[in-house]
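The values are calculated or read from the model by the stated rules, or taken from the named source; none is laboratory data. Small disclaimer: the values here were computed from a predicted structure and weren't measured. Methodologically, a virtual Cβ is constructed for each residue, glycine included, from the backbone with ideal geometry; neighbour enumeration extends over all protein chains shown. For accessibility, only protein heavy atoms count, side chains too; no ligands or nucleic acids. Shrake-Rupley method; radii C 1.70, N 1.55, O 1.52, S 1.80 Å.
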Amino acid sequence: MPTDKFRTLARSVKARSLAQIALASGAVLLLAGGVALSRGVTGPYDELGWPAFGLAVIVTAALVGGYFAVRLGQPAVLGELLAGILLGNLPGLGMLHFIAADPYLDILSRIGMLLLLFGVGVELSVRDLFSVGASALLVALVGTICSIVIGTATAALLMPGAAMAGYVFLGAAITATSVGISARVLRDVGASRRAEAKIILGAAVVDDVLGLVVLGTVTAWANAGQSAGAPQATTAIALLMKTAGFLALAILLGMRLTPAWFRRAANLRIKGALLAAGLGFCFFVSWAATTIGMSALVGAFAAGLVLEDAHSEIFVQRGEPALGELLQPMISFLVPVFFVLVGFRTIIGSLGRPAFLAFSLALALAAILGKLSCAVGVLERGARKLTVAVGMIPRGEVTLVFAALGSATRAGQLPLLDDRGYTALVTVVVLTTLVTPPALKWSLGVRTGTDPIS
């Protein structure tokens with residue numbers, strides 16, 4: 001009896017397979033016939049065809065790259081970046097070169113940048129800014145100032161003849177720490193509750209704000225045409241005041257006005273009202289930033305910083321997800337597009353040129369030295385200064401945003417960031433991300449049980 005059932009099942013599977021083969025063959029014949037008959041006949045061209053293919057390549061590359069990076073104990077962003085570098089530089093993949101210059105993909109990546117910084121702001125709060133300790137504040141300030149000074153000096157020394165705005169931009173680009181990898185290492189070794197971890201995470205909050213202030217100031221300076229020579233002191237101070245003033249005003253007005261806006265959105269009682277209200281606010285503040293000559297990214301970050309858990313409270317009480325959860329699908333789609341494109345546009349072959357390689361390594365060293373200086377800002381007794389300094393070394397998302405923005409911003413007739421500077425910033429992200437985990441474990445004395453520097 002079982003044998004009969006097996007034979008019946010085998011015949012059924014065979015019949016279905018033959019039917020599928022027949023259908024596939026018929027479809028191929030229909031397609032071939034249609035193509036043959038339409039040869040020479042021009043029809044409307046669908047402009048979304050190639051961008052759709054590009055997205056298929058980018059999303060798949062981001063998925064695979066992120067997977068292998070996580071398996072190797074690295075952040076997914078590093079895998080996405082390296083996947084883009086691989087696709088953009090492997091020989092024999094010339095058909096993919098359109099991806100780097102496709103305007104539709106570029107717009108998607110720019111929206112990804114906005115959402116990235118909006119999401120970073122949403123995860124923080126104004127309360128976080130005022131809750132950091134003296135050590136965290138001082139660590140962030142020292143690291144930011146030293147990174148700008150050392151980075152600018154390195155660029156000026158190794159890139160003679162370039163615009164002063166480009167030197168300062170490169171110095172500014174290496175200011176922002178990406179402490180996600182440091183936080184993970186501290187958690188993995190059971191040190192996430194130590195004083196060093198609290199200082200690092202607190203400094204990261206201030207570091208994000210300082211990085212965006214610097215970004216807004218430098219891009220506003222470049223857009224104002226201050227690319228020749230050093231800026232006058234009054235100009236630099238005016239731009240810094242404008243950036244800080246915009247952030248402060250956006251936060252103060254936003255905290256006062258947005259609760260009523262979100263309550264009205266909640267009263268609509270329609271699906272997606274919270275996400276629409278949040279994105280609408282983000283895009284409006286981003287636009288407002290551009291009207292006074294600042295980057296839209298500063299506005300997106302400020303908008304996110306304003307929005308706290310209280311804005312989602314009514315929606316959450318009704319059983320709906322909070323704003324941060326609603327943003328995740330969009331961020332998970334668009335932000336990897338941005339990272340892969342940054343890697344795709346990196347000409348890795350240029351590192352074979354001694355000048356490019358020397359400058360990339362020098363800027364990476366400047367980035368590391370700039371954050372090692374953070375050790376002098378640690379005031380808590382018993383906290384390991386070197387651990388705090390090493391924990392501030394990784395560069396990530398914000399540095400890549402600087403790279404993308406600098407290559408698209410003009411300083412006079414030339415891009416604010418040329419190929420050498422762009423490649424150097426990508427190299428900084430890769431090297432600082434790779435060097436931090438072993439250095440942080442060593443500074444904690446994980447392997448030796450000793451305290452390298454206290």
Point to revise | Estimated [θ] at 222 nm from DSSP helical runs (n ≥ 4, -39500 (n - 2.57)) normalised by residues in the chain, nearest 500 | key: -25000 deg cm²/dmol
**Study point:** the range 83-141: translational diffusion in µm²/s, Stokes-Einstein, Kirkwood Rh over Cα pairs, 4 °C, 1.567 mPa s
**Key:** 86 µm²/s
Practice item. Could you check the simple spin-label distance between Arg318 and Phe68, using points 7 Å along Cα→Cβ, in nm with one decimal? Key: 4.6 nm
Review point. Can you put Val70, Val168 in order of accessible area, largest first, using a 1.4 Å probe?
Key: Val70, Val168
Revision key, fill the gap. Between the modelled labels at Leu365 and Tyr104 (7 Å from Cα along Cα→Cβ) the distance in nm is 4.6 nm
Review point. Among residues other than Val340 whose Cβ falls under 15 Å from its Cβ, what is the net charge (Lys/Arg +1, Asp/Glu -1)?
Key: -2
Point to revise | Extension gain from His97 to Phe333, taking 0.36 nm per residue of separation minus the Cα-Cα distance | key: 82.8 nm
Study note, to complete from the structure: For the pair Ile270 and Thr291, the simple spin-label estimate (label points 7 Å beyond Cα toward Cβ) gives in nm 2.5 nm
Review point. Per residue and in cubic angstrom, what volume does the convex hull of the Cα atoms of the chain have?
Key: 244 Å³
Point to revise | Å³ per residue enclosed by the Cα convex hull of the range 57-117 | key: 84 Å³
Practice item. Using every pair of alpha-carbon atoms in the range 240-307, split the distances into 5 Å bins beginning at 0 and state the percent of pairs per bin, rounded to integers. Key: 3, 19, 28, 22, 14, 8, 4, 1, 0
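Treat the range 317-454 as a sphere of radius equal to its Kirkwood radius over Cα pairs and apply Stokes-Einstein at 25 °C in a medium of 0.890 mPa s; give the translational diffusion coefficient in µm²/s, rounded to a whole number.
Working: Rh = 17.6 Å.
Result for D is 140 µm²/s.
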Review point. Aspartates and glutamates near Lys385 by alpha-carbon distance under 13 Å, same-chain residues fewer than 8 away left out - which ones?
Key: Glu196, Asp451
Check your understanding: Distance from the Cα centre of the range 106-158 to that of the range 316-352, in angstrom?
Key -> 18 Å
Exercise for review: Kindly report, to the nearest 10 Å², the accessible surface of Tyr422 as traced by a 1.4 Å probe over protein heavy atoms only.
Suggested key: 20 Å²
Revision key, fill the gap. Per the rule of 0.36 nm per residue minus the C-alpha distance, extending Ala310 to Val126 adds in nm 65.0 nm
**Study point:** Shape category assigned to the range 319-360 from the gyration tensor of Cα positions, a/c cut at 1.5
**Key:** prolate
Point to revise | q = 0.13, 0.16, 0.23 Å⁻¹: log10 I(q)/I(0) that the Debye formula gives for the range 267-375, counting C-alpha atoms only | key: -0.77, -0.93, -1.18
Practice item. Compare the Cα positions of Leu117, Leu341, Leu440 along the charge dipole of the chain (+1 at Cβ of Lys, Arg; -1 at Cβ of Asp, Glu; about the Cα centre) and return the one farthest towards the positive end. Key: Leu440
Study note, to complete from the structure: Computed on Cα atoms, Rg of the range 158-221 relative to 2.2 N^0.38 Å comes out at 1.48
Check your understanding: By how many nm would the segment from Ala358 to Thr60 lengthen if fully extended, with 0.36 nm per residue of separation less the alpha-carbon distance?
Key -> 104.0 nm
Revision key, fill the gap. Here the FRET efficiency for Lys242 versus Trp442, based on Cβ atoms and R0 = 45 Å and rounded to 0.05, is 0.60
